Structures are given as C-alpha cells and as structure tokens.
Amino acid sequence: MDLLEKLVSLAKRRGFVYQSSEIYGGWEATYDFGPLGAELLRNIRNLWWQEFVHNRPDIVGIDGAIISHPRVWEASGHTESFTDVMVEDLKTHKRYRADHLSNKIEDGMTPEEIDQVIKENKIRSPDGNSLSKAKKFNNLVEVYIGTLENEKTLAYLRGETCQPIFYNYQLIKDSMRMKLPFGIAQIGKAFRNEIKVGPYFFRTREFEQMEIEMFLHPSEADYYFEKFKEWSMSWLKQLGIDENKLRFREQEFKERAHYNKIATDIEYKFPFGWKEFQGIHYRGDWDLSRHGEYSKTDFKYRDDVRNEEYIPHVVEYSIGLNRLMLVLLFDSYSEDDGKVTLKLNPRLSPYKVAVFPLLSNRPRLVDKAHKVFEALKTRFHCAWDSRGNIGKRYASQDEIGTPWCVTVDFDTLKYETVTVRDRDTKLQERVSVDRLQKYFENQLYEN
Ligand code: ATP
C-alpha cells in the first residue's frame, strides 16, 4: 500500500474523513469530515484565527454569505474569466483539464494554442484516444433561487471567499473605524466546478478557504507581499510542518488568475508531487475598482497622512483549509514497526489527553479515572478508553495523534499520582493529580 492509500484507510477507520454519500455509491470528489476530522479542522481554524485576527489589531474578521447578488460575480470578472480549458476523450467522453494532460500544455494557454500543441505533439487522452477541440469551461457553480418555477434567478455559489470582503469593504472600514493599511479576514466555504478533481480531497468542488485581504496604498504592496510570505511561512513552521517539504513558487504570467498582478504559491511535497496549498497575490485595485464601477459606489480612500485620494490596492493571502489538513495528515504520519503515529502538533490534535483506568473491572480505579477525566475535560478535549490492555489503548491514541495518555492505577489510589505517557518519546512519567492541568498547559501553550 502506498502512503496515500494508507492515509485514506486510516482516515476512514478512525473517523477523520469519509467518502460522502458512501451508501449511495459515493459522490465524486465530495468528502465528509467525521468526528475527529471535524475536531482537526476546528483546531486549524481556531489557531489561524488566533494568529491572524486576534493577534493583529490591523486585521478584523467577517463571516459573509455564500450566495450573494449575481452582479458580484460579473463585477469580479468571474462570469467571464473564471475558466479552465477542457478537452474531451472522443471515445470515452471523459473530460480533462487540458493543462493536466501534458506538460507541453501550460495553464493559461488559449483553446486555439492548445489545439495546436495537441496536433503538433499528437497528444492523446490517458486512455489512448483522440481528443476533442479545446474549449473554455466556467468554474462557477450555478444555483437557481426563488419559489416560482419560471421566475427563478440564476445566482452562484461563491467561487472564492473574498468577494463578500470586497463588497463590504466600506461598511467594515467605517463600522470598525479602520485606517489603511488594514486587513479583513474570513474563513468559509467556496465552490468550483473543477473539471479534474482529486487525488483524495486535494482538489474538490466544495472546499474551505482561510483568506485575508489587506487594503493598502500601492506603494505598500511590495512590503506586505513580502511580509505575508514571511508571516504565513512562519505560521506553517509553528504548526510543525517539515520545512524541507515547503517551498515558494512564483506563478508564471500565464497561470495567474485574471485579477492578479503578482502571485506566489506555497507548495508542499505531497507523495504525488509538489503542489500548491496556499497563495499570496497582489490583486492591485482590480476588485474595488470593478465593484465601484458595477455598483456605482465610490471606493476612493481619503488618506489624511499622505494627503491623497485613491482606490486601495489589495494584497491577498489565501490558504485552503482542507488542503492544509491534507498537508498536516501526510506530514504527521509516521510508521514504526507497523505501528502508526500521527505526530500532530498537540494544539491541532483532536484529543489532547486520553484517560484510562488501568483495569476496567475495578470500580475504585474506574471511579478515580472518571474524576481525573471530569477535571481535565473542562480545560482540554479528552478521550476516555477502558477497553483492552494499556498497550492497545496507547497504540489506538497514537494513531489519532493524542499527545498524552494518563493511566490511573493502584498507586493513584495511594499516592494521588498518575502515569503520563508521551506520544512521541513513548516515555512515561509520574505526575501528581493536582499538577496535571498545569503540566499539560505548560506543554501546550508555553513551548
Ligand atoms: P489550483 O491551481 O490548485 O486550482 P488556485 O490557484 O485556483 O488553485 P486559489 O484560487 O489561489 O487556487 O485559491 C487559494 C487556495 O484555495 C489554494 O491554494 C488551495 O489551497 C485552495 N483551493 C483552491 N481550489 C481548491 C479546490 N478545488 N479544492 C480544494 N482546495 C482548493
């Protein structure tokens, strides 16, 4: 089994990720996050929000609507330019994103250029068949809203989370009394009708993004672009991701989205190659200018310090939550002698502590372990396990990344101490019950 297969199997067996609608045969590229997956996602969201919103007086956060006025997507340029080029296998009718078929076809080429490359290089489909002419395909997911059959309005599920940030820019700036440069952050779902999906939940049609739009004077764009590269990389390292598997990659002109002047990706070395999981983009004044034009709103900022009026420019930092989760799962997966440990940063682990009574048929031990569990659960998300032997319970917690296991034994009844076992070192230590909370707090928050 390769690493991807091992991870898919572990994630399903231990309640992280399920193929959506499995009882109906599954639904392409759609996944549901189970109890432990939901905890992991929550922890990532919370840490990100803490780092980039709560720790930053110059950044505020919002939670915008998924379906907004359809004009938003005309103004943003998505109805016209949010496209990939697609080709079809003329025999099987499978559709492919042209730039994924051959490295001779580059992201950003026109359909005509692609037809030419296919012809010159005799490129065929992965099944060896001839290909159709290339054509543009819009990635926006359409929805029809309304109660009367004939009067439904065509709208779109948002293709990127940032649009509510742009059309609310003025309201947010005024209600929060922000002065440039300042940022607006958001975490939420986005939807794209991707032609090619996978592997696993790397590319899906429904996903979550964590984004910041930094509004600034054009002369500050370079500074913030570099700073966001630094801040975002430093946060990834704080999460414990292996530095050797992270790299920046400048996007070529042709690859860039229609709104970007400069774009740098951060890539991770997945088992299926180096792939993007976050981007830093300089969007210029594209978004506010276009929304200004389409909605007849004046987005000019009166800069009292510079004594100037201008439309703010934007540097964007955008990271896919689900993709980051996939990075973290791969990065933390370790196997020793057939035993799996998810070496997640403890702050990300679904459970921080697991509490066990040494024997499940000794009521005094079970009662005492319950008391320890009750006390710790007010502060940390705790697991309880009283099945099987201690070795199996350790192995089971290692597999889901629980950093510490606490065993209540006969000495606990005599001396008020427990055994704390560390997931990564496998070392055990006696700690007194009244010091437990502090013991975990120190390791979780002060390292
Ligand atoms: P890609 O080149 O992989 O299609 P993109 O350059 O279009 O991605 P952006 O629009 O810059 O991506 O989105 C920012 C982030 O959102 C990406 O780095 C990625 O983590 C996430 N993302 C984008 N599309 C998807 C998707 N279909 N599934 C999961 N995550 C996605």
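For region 191-230, taking the residues that are more than 16 Å from the ligand (Cβ to nearest atom), open to solvent by 10 Å² or more (accessible area, probe 1.4 Å) and not acidic (Asp, Glu), the one that is nearest to Trp274 (Cα to Cα) is identified as Lys227. Just checking, does region 272-285 include any residue being open to solvent by 60 Å² or more (accessible area, probe 1.4 Å) and touching a Ser or Thr at 6+ places or on another chain (Cβ under 8 Å)? Looking for residues that are open to solvent by 60 Å² or more (accessible area, probe 1.4 Å) and touching a Ser or Thr at 6+ places or on another chain (Cβ under 8 Å), one finds none in region 272-285, hence no.
Of the set (1) without any contact (Cβ under 8 Å) to a residue 60 or more places away in the chain; (2) farther than 24 Å from Leu36 by Cα; (3) in contact with an Asp or Glu (Cβ under 8 Å, 6 or more places away or on another chain); (4) among the hydrophobic types (A, V, I, L, M, F, W, C), all apply to Val433 but (1).
With the condition being under 25 Å from Met325 (Cβ atoms) and of a type outside the set (Val, Ile, Thr), I'd like the helices (runs of 4 or more DSSP H) fully within region 338-447 carrying at least 1 qualifying residues. Those helices (runs of 4 or more DSSP H) span 363-377, 390-399, 436-445.
Among the conditions (1) within 15 Å of the ligand (Cβ to nearest atom); (2) part of a strand (DSSP E or B), the only one that Asp287 does not satisfy is (2). If you go through region 66-100 and keep only what is in a helix (DSSP H, G or I) and of a type outside the set (Asp, Glu), you end up with Pro70, Arg71, Val72, Trp73, Ala75, His78, Thr79, Ser81, Ala98, His100.
Only one of the listed residues (Lys343, Lys352) is under 19 Å from Leu427 (Cβ atoms), open to solvent by 10 Å² or more (accessible area, probe 1.4 Å) and touching a Phe, Trp or Tyr at 6+ places or on another chain (Cβ under 6 Å). That residue is Lys352. Among residues of region 29-43 that are among the charged types (D, E, K, R), those with a beta-carbon under 9 Å from a residue that is surrounded by fewer than 20 Cβ atoms within 10 Å (Cβ to Cβ) at least six positions away or on a different chain give the pairs Asp32/Tyr18; Asp32/Gln19; Asp32/Ser20; Asp32/Ser21; Asp32/Glu22; Glu39/His381.
Being in contact (Cβ under 8 Å) with a residue 40 or more places away in the chain and either of a type in the set (Asp, Glu) or part of a loop (DSSP other than H, G, I, E, B) (or both) is a condition met by no residue of region 112-128. Let me confirm something: among Asn168, Asn150, Asn129, which residue is surrounded by 13 or more Cβ atoms within 10 Å (Cβ to Cβ) and assigned by TED's automatic domain parsing to the domain that holds Asp285? Testing whether each residue is surrounded by 13 or more Cβ atoms within 10 Å (Cβ to Cβ) and assigned by TED's automatic domain parsing to the domain that holds Asp285 leaves just Asn168. You will find that of Thr402, Thr378, Thr407, the residue that is out of contact with any Lys or Arg (no Cβ under 6 Å at 6 or more places or on another chain), open to solvent by less than 20 Å² (accessible area, probe 1.4 Å) and over 29 Å from Leu236 (Cβ atoms) is Thr407 and no other. Looking at region 135-143, can you tell me whether even one residue there is away from the ligand (no atom under 16 Å from the Cβ), open to solvent by less than 20 Å² (accessible area, probe 1.4 Å) and not in a strand (DSSP E or B)? No, region 135-143 contains no residue that is away from the ligand (no atom under 16 Å from the Cβ), open to solvent by less than 20 Å² (accessible area, probe 1.4 Å) and not in a strand (DSSP E or B).
The values are calculated or read from the model by the stated rules, or taken from the named source; none is laboratory data. If you're wondering where the values come from, they're calculated on a predicted model, not measured in any experiment. No Cβ is skipped: glycine too gets one built from the backbone with ideal geometry, and neighbour counts run over all protein chains shown. Ligands, DNA and RNA are excluded from the accessible area calculation, which covers all protein heavy atoms including side chains. Shrake-Rupley method; radii C 1.70, N 1.55, O 1.52, S 1.80 Å.
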